[in-house]
Amino acid sequence: MATPPERKWIGPFRVLGLLGSGATGHVFLGEDPSLDRKVAIKILKSDFKYDSELRNRFLREARNMARLSHPGVVSVHAVGDEEGLPYMVMEYLQGTDLLTTLERQGALPYSKVVSIFIDVTEGLWNAYAEGIVHRDVKPANIFLAAESRAKIGDFGLARALELDANLTADGVVIGTPDYLAPEVISGVKATVESDVYALGCSMFHALAGHPPYRFLHEDITGQEVLSRHIKAPVPMLDNRQIPRALRKLIYDMMNKKPGARPSYDRILDALRRAMRPKDYNSRAMPAFSPGRTAASSKTAATPILAPEGTGGAGRAEEDDLELPVAWLLALGVLGSAAILTLAYFLLR
């Protein structure tokens, strides 16, 4: 594969340095002179300059990303062509990605995981409302930005390109298989339900410190991991410090049957219920309810989720009205005393 070229400009954007390289492209740190801000520029490698199908796919996926506007999604500012190579210009995030954080720190506290995945779920739901399925949800594509907020990026772009670049003669995908839904492994086209599965696997990884079908420091092949996704029982997190409701949610998201997985509105509602009061009150919770939901007509209900039709919007107001248990008990005692007093005077 070609080495990163020495570039000073990509389109109207000044190149400041190389951020990284993947199987099919390079990512540069750049500067937008017109707005005086730093940007990240992803450009296809020169090896694929004459692969018209791959070039068109890159541009199509980049334009899909550019349609999205949500705090939980990495913004795309521009799409262009530089000497026959397509590129896209994205917001530059100075934080790191979730996978790097997990490799450095191991499992994260559940309160932090819940906060991260509320942002990510909102971003994915917003994309689905625009008719876009991500197809490559994984910790490496979840970016931790400032103020403890998270964003989802690379909407299908990396996976769409790597499927072309990394197919072996036997048709087996080379790459990280830890978050692939069983139906995708079996050759079915990725859907919103497979995104939910990958989201559940990513949440499991963040809470356990390892992916659901690959134990910590376990040396197994990618093919074995794929086989476990299809054949092995769905694992359940056994950390009792994690609320049982949250563990049950992730278990349901990794259901082998796509139609049994919860929809985005139900996932959001469950995550917000799992937040600790101090985390909930310190976090801006915008009312978010796209016009359509993911597979809302065929998702399995669980005890931790809201009744059909309530969704995630409006939970902040509802939770603000909940009274502490001690107050409820006190009101019950006072009510009983009032009834007994009234009965005493009526029967005299």
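Taking the criterion of being surrounded by 21 or more Cβ atoms within 10 Å (Cβ to Cβ) and under 21 Å from LYS248 (Cα atoms), the residues of the stretch 90-114 that qualify are TYR110, VAL113, VAL114. When the stretch 34-55 is filtered for residues that are touching a strand residue (DSSP E or B) at 6+ places or on another chain (Cβ under 6 Å) and free of Cβ contacts under 8 Å to residues at least 24 places away in the same chain, nothing remains. Can you find even one residue in the stretch 97-105 that is of a type in the set (S, T, N, Q) and closer than 20 Å to LEU29 by Cα? Yes, because at least one residue in the stretch 97-105 is of a type in the set (S, T, N, Q) and closer than 20 Å to LEU29 by Cα. Every test in (1) under 27 Å from PHE215 (Cα atoms); (2) polar (S, T, N, Q); (3) under 15 Å from the mean Cα position of the chain (by Cα) is passed by GLN105 save one, and that test is (3).
FYI, it's all coordinate maths here, none of it is from the lab. Remember, predicted model here, so these are calculated numbers, not experimental data. Glycine also receives a Cβ, built like all others from the backbone with ideal geometry; neighbour counts cover every protein chain displayed.
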